[in-house]
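Report on one structure; see the data block that follows.
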Amino acid sequence: MSDDCIFCQIIEEKASCYAVHETRYTKTFLDIFPASPGHCLIVTKDHYQDIFDATPEAISMVGHVSTLIAHTVKNELQCDGVGIFQLNGAAAGQTVFHYHMHVIPRNAGEEISIHSRVPGNPEDLQAMAERLSHRASTMLDGVE
Ligand code: AMP
Ligand code: ZN
């Protein structure tokens, strides 16, 4: 836990999030500045700054869950594609220094961006979180 880390605060439930899925090692919630509707973040429960700091086990768990969330998003939203990526270090564009993976639904013809400066509408985020968490609970039943 790092006191000034927003993702640690979310994990500790000291800050709110639009939750999608949880395992022993990861929490998945919506990005509040979605690059597209359904943009998810898969976050380690322990605080690691980036890929250079995280343990191989944590990185592997995030990778595994990211794949499952990609299936969840594709299945629920019927998007054409799904982008999965993560950034390490300010020079690479990382803005929250707690290891995480982005899973971003993509549709043909849409402009591809990594970050958005436009916050999601709270009602839309809430509705999306409900859809994806319901889909994840059926598709990822038993994944701990
Ligand atoms: P990165 O730039 O790869 O570090 O990604 C950090 C992401 O976290 C950005 O896309 C932000 O929009 C997102 N973000 C920042 N604060 C929050 C928050 N409180 N809840 C959800 N997403 C957030
Ligand atoms: Zn943290």
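Cross-link candidates for residue 45: which lysines have Cα within less than 22 Å, leaving aside residues fewer than 8 places away along the same chain? Of all the lysines, those that pass the test against residue 45 - Cα under 22 Å, at least 8 places apart if same chain - are 14, 27. Per-residue accessible area (protein heavy atoms, 1.4 Å probe) orders 47, 115 as 115, 47, starting from the largest. With both labels modelled 7 Å from their Cα along Cα-to-Cβ, the residue 57 to residue 108 distance reads 4.5 nm.
Around the Cα centre of the chain, unit charges on the Cβ atoms of Lys, Arg, Asp and Glu (plus for the first two, minus for the last two) sum to a dipole of about 220 debye. Working from the Cα coordinates of the stretch 43-83, the gyration tensor eigenvalues give, after taking √(5λ), semi-axes of 25, 9, 8 Å in decreasing order. Rounded to the nearest 500, the helix-only mean residue ellipticity at 222 nm of the chain stands at -10500 deg cm²/dmol, with each DSSP H run of n ≥ 4 adding -39,500 (n - 2.57). Normalised Debye scattering of the stretch 14-86 at q = 0.20, 0.23, 0.25 Å⁻¹ gives log10 I(q)/I(0) of -0.89, -1.13, -1.28, counting only Cα atoms as equal scatterers and leaving out solvent.
Classified by the C-alpha gyration tensor, the stretch 67-144 has a prolate form. Its axis ratio a/c, with a ≥ b ≥ c, is 1.5 or above, and a/b is larger than b/c. Based on alpha carbons, the Rg and Dmax found for the chain are 14.2, 41 Å.
The values are calculated or read from the model by the stated rules, or taken from the named source; none is laboratory data. These numbers were taken from a predicted model, which means no experiment stands behind them. Glycine gets a Cβ as well: all are built from the backbone with ideal geometry, and neighbour counts include every protein chain shown. These accessible areas exclude ligands, DNA and RNA; they are computed on the full protein's heavy atoms, side chains included. Shrake-Rupley method; radii C 1.70, N 1.55, O 1.52, S 1.80 Å.
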